[in-house]
Every structure is written in structure tokens, then in C-alpha cells.
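Notes for the one structure printed next.
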Amino acid sequence: MVFAELSVRLNDIGYKNWLKAGYCLVKLRDGLQGFVKNEMRDFHQTLSRKNPQLRKGIQCRQGCKPRGNQFYDLCEQCKTWKEEILKHHTSRDACVHWGNCRPWLWSTEYWEMAKAYMPRGQLDIPGPEKCDAAALLNLINFCDRFNFINRQKVREVIKSRNELMHSCEMRVTPQWIVQYERKLEELIQELKHVPEVTSAGQEMRELLSVDWVVHIPGQDYVDGDESQFVDPEVISTVEAEILQESLRELYLKAQEDSSANAQQLQELQKLRGFIEANKDLKEQFHNQLLQVDNLYLPADLLTNQESKRYKQEEEHDKEEGYVPQKKKKTLV
Ligand SMILES: [Zn+2]
């Protein structure tokens, strides 16, 4: 039955809390998008106007590109943009993910500049509407345009977000949720002049305050409080989004480190075990799991049984016309 498995998953309080916490990040992201967009657009205009070299409005003619995370040869215009970006970075020691950017567009696309302040994996993200909460929060943390916000409050939420997304168990305790809600509240207070953030805050409070029950047609809920019923479609979409983000992060880590460490392998195994144990999720994430497996798990690390299944699935994909190598960079 549709959503029956989701309903069962929500019987696990730890998992339900994990989902609720993830849903708060989705709300926070929605609330931040317009604000970040306006700020970065203004910031880009200010830099373009104030710097004498940038004011000339010259565009890059040689298509300057980073190789990995390094630049080897930059034209005068891109060099100036790079210097400006670094000048406004809040951490002198931080690793700047130049690989996120298309420098030849720095003069004309404010978002290409903004992406230099974000975690890796942003190259194909065209604007704030496609960003996750982590990307926007890191931008606020690392770009001094946002100096009017208490950075510590931002970092606390980033820290909680990382705990959440790297939680092997995909469960959090009620105590953790209490701390998390406090940190979110403190950040929302910092941005109380932004109406979208304020309303996102209200929605977060509401979603954290109710229990979640998925109503399955045909089942009786004698003691059910109707106010606790949630739209399973919405919860299912949010669940997929959060799991997708976890998978994507594991994928990016694996791309960065050719030899995945024990903790990363453990995270992946837990996540894949969880997804495989749920038929609805297994079907939904079939291709993404194969894709991550291709990166993480060399054949000699797999048990015989896993190896056999893996090969069978590869054969199945070939028959279906799926080519993992080509999809690697776009799916998760
Ligand atoms: Zn250039």
C-alpha cells in the first residue's frame, strides 16, 4: 500500500526526529534563498563598482578555469576577482573550493562569485533556489557581506546539520532536538528582519511541536488526534530529499578521497542497509546506490554474496541501457 512503509518508519521516534530535523533545514533553506540572493547580487554590484580594475567591465576572454582546486594561469580580470573574493573571505586559512566556479563568468554572474564561499559540489548549481541549507549557511559564514550576522550562531546550525547528515543511525534523540531547536531559534533571531526567515521559523516550530502520523486509508485510528496527521506525500518528498543529500555528500567525499576511510564506509553501509531494508526506498534509490557503490566499494571488499548481487544488478542495468560511468557526475 502506498506510504504504508513510511508509516511504519515513522513508528521509530528516533527516525521521526531525524526527519523532522531535516525538514527544518528544508524550511530554513526556503526562508534564506531570497535573502541570500538579494545580498549577493548587491555585493557583486558593489565589488564591480568599487574596484578600479573590475569597474572597467572587461570580460574574461581566455575562459580561465581552475584545475582541481588550483589556478595556474589567470587573466587580469579573473585575477582581480579572485583577490576580491579572498579579501572578503572570513577565514584566511579556509580551503576555497574554486572548483565550484566558472571564473570567466565572474564579471557578469553574481552566483559564480558566491559559489566560491560554499562547500564543494556547487559547479552545476545555477542559483540559490537549487542550493541546500548547508550551501547557503556556509556562504553566510564565509562571506563578510554577512558580517551583521553573529557567525557563531550560523556555525552552530552548520554543526548540527553535519551531525544530522552524518548520523549513521539516522536517528536523533529528543534531547538533541531540543538543543537543535534552540540553535535554530537563535539564528532566526539574527535574521528577524527577513520576513521569509521569520515565517520559516514559525513553520519549524509547528512541525517540531506535533507528532507525525501518516493516515493510511482503511485503517482505524481510534485514539488518533487528527491534528497530528501529516500529508504522507509531503513527508515522503522531504524524506527523499534528505536521504538524497546524505548520499550526495558521501558521493562527493568519495570523489575527493580516492581511498574512503573507515567512517565513510560505515556511513555508506548503514545508509545503504537502511534503504535496502525498505522496499519503497530501495526502488527509488536503486541507481544512486549503484553509483555510490561504484566509487566506494572495490569488488574485493564485497562479500561473495554482495559481489554476486552487484554483478547481477550491473547486468540488469546494461539490459536497461543504464551506463553508471556516464551518470556518475549528475545523479546524486
Ligand atoms: Zn579570465
**Asked** Which distance in nm do the two modelled labels at GLN202 and LEU265 give, with both placed 7 Å along the Cα-to-Cβ direction?
**Response** 5.1
**FRET efficiency for TYR72 and LYS159, using Cβ-Cβ distance with R0 set to 41 Å, rounded to 0.05** = 0.75
**Asked** Which of the listed residues, MET165, TRP106, PRO119, is farthest toward the dipole's positive end in segment 13-208, when Lys, Arg count +1 and Asp, Glu count -1 at the beta-carbon?
**Response** TRP106
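No lab work stands behind these numbers, since they all come straight from the coordinates. As the structure is a computational prediction, the values presented were derived from the model and not from experiment. Every residue, glycine as well, gets a Cβ built from its backbone with ideal geometry; the counts of neighbours run over all protein chains shown.
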